[in-house]
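Visitor: Here it is, the structure in full.
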Amino acid sequence: MPSLYRLLEHPVVYRVSEAVAAPGAAWMLDRVIARLLADIGGAAPLIDVGCGPASPLGRQGLDPIGLDLSARYVATLRAHGGRGVVAAAERLPFATGSIGGIWSVGLLHHLPDPVVQGVMRECARVAKRPGGYLAIIDGILPRSPWRRPVAHWIRRLDRGRFMRSEARLRALLHPGFRWSTQRVTYTLVGHEALVCVCCFEPVGAGGVGA
């Protein structure tokens, strides 16, 4: 398996594997993200933590700073006109309160619980300001493997070694903040994700305060 993970570090292989294992994910996630942006806006500057070789926020007409531990992914992002930083998610190279919005799409199931908690603390540190927010979308296990057998099987093969249930992921959200969460389906074969949003100041009628 380690050799497979190294192979997936290549951006082209990464994209092909995503298309095969998660058909429809790009456009279905785009719809989820567009709905979120309509509610919470695109406050600047934005960070996409664990961006991979391309940030989905770019498809929404936004210009986020992509952050990833893979130098190869960040180089690919920059080669296509994006902004990128090589860094660990639990040690964000940004000043306290300097970021308008932090997004993380599909990162947390690659990280053990203590690291996720560190990521939460760092994200809160750099985005906790009036109008700042955190938006997390991460894969979760199906409620029942029998109802969504294909999604369940693919989840078990996922290179993310820490795929969690909805309850386990919710338990890792930064304590002391009020979170809005929603379970969504985002592929044609039934993959599910938990969408988690925390706004540090009420935003509109549906805003979530801290």
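The values are calculated or read from the model by the stated rules, or taken from the named source; none is laboratory data. Note that the structure is predicted; figures quoted are calculated from it, not measured. Positions of Cβ are backbone-derived with ideal geometry, glycine not excepted, and every protein chain shown enters the neighbour counts.
Visitor: Considering (1) surrounded by fewer than 16 Cβ atoms within 10 Å (Cβ to Cβ); (2) assigned to a helix (DSSP H, G or I); (3) touching a helix residue (DSSP H, G or I) at 6+ places or on another chain (Cβ under 9 Å), say which one V119 fails and leave the rest.
Guide: Only one criterion in (1) surrounded by fewer than 16 Cβ atoms within 10 Å (Cβ to Cβ); (2) assigned to a helix (DSSP H, G or I); (3) touching a helix residue (DSSP H, G or I) at 6+ places or on another chain (Cβ under 9 Å) is unmet by V119, namely (1).
Visitor: Across the stretch 179-203, what is the total count of residues that are assigned to a loop (DSSP other than H, G, I, E, B) and modelled with pLDDT of 90 or more?
Guide: Narrowing the stretch 179-203 to residues assigned to a loop (DSSP other than H, G, I, E, B): 179, 186-191, 200-203.
From what's left, modelled with pLDDT of 90 or more: 179.
Adding up the residues that qualify gives 1.
Visitor: Let me ask something else. Which one of G139, G132 is among the small types (G, A, S) and over 21 Å from A44 (Cα atoms)?
Guide: From the options G139, G132, the qualifying one is G139.
Visitor: When you look at V126, is it more than 16 Å from L37 (Cβ to Cβ) and assigned to a strand (DSSP E or B), yes or no?
Guide: When the stated conditions are applied, V126 does not pass them.
Visitor: Would you be able to tell me the number of residues in the stretch 36-57 that are crowded, with 22+ Cβ neighbours inside 10 Å, at negative phi and part of a loop (DSSP other than H, G, I, E, B)?
Guide: Qualifying residue count, the stretch 36-57: 3.
Visitor: A follow-up question, please. Under the condition of being among the basic types (K, R) and buried (at least 16 other Cβ atoms within 10 Å of the Cβ), which residue from the stretch 155-178 is modelled with the lowest pLDDT? Working first, answer last.
Guide: The initial filter retains those residues of the stretch 155-178 that are among the basic types (K, R), namely 155-156, 159, 161, 164, 168, 170, 178.
Those still in the list that are buried (at least 16 other Cβ atoms within 10 Å of the Cβ) too: 155, 164.
Working: R155: 66, R164: 93.
Out of the qualifying residues, it is R155.
Visitor: Let me ask you something else. Between G81, G131, G97, which is in a loop (DSSP other than H, G, I, E, B), free of Cβ contacts under 8 Å to residues at least 12 places away in the same chain, surrounded by fewer than 23 Cβ atoms within 10 Å (Cβ to Cβ) and at positive phi?
Guide: Residue meeting the stated conditions: G81.
Visitor: Here's another thing I want to ask about it. Tell me, yes or no, whether the stretch 87-96 has at least one residue that is touching a strand residue (DSSP E or B) at 6+ places or on another chain (Cβ under 7 Å), modelled with pLDDT of 95 or more and basic (K, R).
Guide: no
Visitor: While we're here: Using the structure shown, decide if T76 is surrounded by fewer than 18 Cβ atoms within 10 Å (Cβ to Cβ) and of a type in the set (S, T, N, Q).
Guide: no
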